[in-house]
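Shown next, in structure tokens, is the structure this report addresses.
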Amino acid sequence: MKRTFFTSTLLLILFVASAQKPQIGIVAGATLSNFKAKSEGEDLTADSKMGFTAGLITNFGVNEKFTFQTGLHLVQKGTKEEESIGGSTASAKLTSYWMELPLNFMYNSGGFFVGAGPSLSFGVGGKWEVEFEGEKESEKIHFGNTEDDDMKGFDFGANIVAGFQFSNGLLVAANFNQGFSNLMSSDTGDGSLKSHYFGLRLGYLLKGNK
């Protein structure tokens, strides 16, 4: 099934690309992200963490109203938690970096656009940070599938996006991304770890044939 999905997506991209010249743009903005864990049937969620995102987008015009949009974004995701222990505050923070490939199908009307589609994300780095009584420690995140790793490095998700594009090429867009993959690095029974984030981006789209 996974092979069929990737093959169908590739064929669609090639078909659209051959039919129209693409519009290419740059975007950057902020993220508000979190990870939701589940262990022994109990949901565990810490506080959301602010981050950033930046990357490229490419629009392929299907017709006057519909567009296929893809791109490549660096997305910062994370979570944080604070707890009082014996009168002192202990804090933990996770910061991770992902390269995200969205595959959005967009509807356009009068500058407004809305769309949705799957996304593929690949972990490229990050770190854990812990602070207690003025002492700080940090450790790099290791992506992989064994008990020695921190989390898996591939996330399949879904993306919803909406925004407005001005006639001069400037655009503003908001999106929500939900990861479906269990990012726990090894088989832990009924345990799971999944990501999600809100994004707000500003960008500029070069003029091209729609």
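Every read-out reported here was derived from the displayed coordinates using simple, explicitly stated rules and does not represent laboratory data. Quick caveat, the model's predicted, so the values are computed rather than measured. For neighbour counting, all protein chains shown are included, and Cβ atoms are generated from backbone atoms with ideal geometry for every residue, glycine included.
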Can you give the direction-averaged projected area of the convex hull of the alpha-carbon atoms in the chain, in nm²? 13.8 nm²
Which residue fluctuates the most in the chain, going by a Gaussian network model with Cα springs under 10 Å, if the choices are Lys80, Lys136, Lys93? Lys136
Take Leu101 and Val124, extend 7 Å from each Cα along the Cα→Cβ direction, and tell me the distance between the two endpoints in nm. 1.3 nm
Ellipticity estimate at 222 nm from DSSP helix runs (n ≥ 4, -39,500 (n - 2.57)) divided over the chain, nearest 500: -3000 deg cm²/dmol
Taking region 123-210 and dividing mean pair separation by its residue count, relative contact order in percent (alpha carbons under 8 Å, at least six apart): 23 percent
What is the helix-to-structure angle for 2-19, meaning the angle in degrees between its Cα long axis and the longest Cα principal axis of the chain, kept from 0 to 90 and rounded to the nearest 10? 40 degrees
Measuring from its Cα centre, the chain shows a charge dipole (+1 at each Lys and Arg Cβ, -1 at each Asp and Glu Cβ) which, in debye to the nearest 20, is 1620 debye
Over the chain, with a Gaussian network built from C-alpha contacts below 10 Å, which listed residue (Gly191, Gly153, Gly134) shows the highest mean-square fluctuation? Gly134
Of Lys21/Lys77; Lys80/Lys140; Lys36/Lys136; Lys80/Lys136, pairs whose Cα-Cα distance is over 23 Å: Lys21/Lys77; Lys36/Lys136
Given R₀ = 30 Å, what would the calculated FRET efficiency be for Ile24 paired with Ser186, taking r from the Cβ atoms and rounding to 0.05? 0.15
Please work out how much length the chain gains when fully extended from Val114 to Ser84, using 0.36 nm per residue of separation minus the C-alpha to C-alpha distance, in nm with one decimal. 6.5 nm
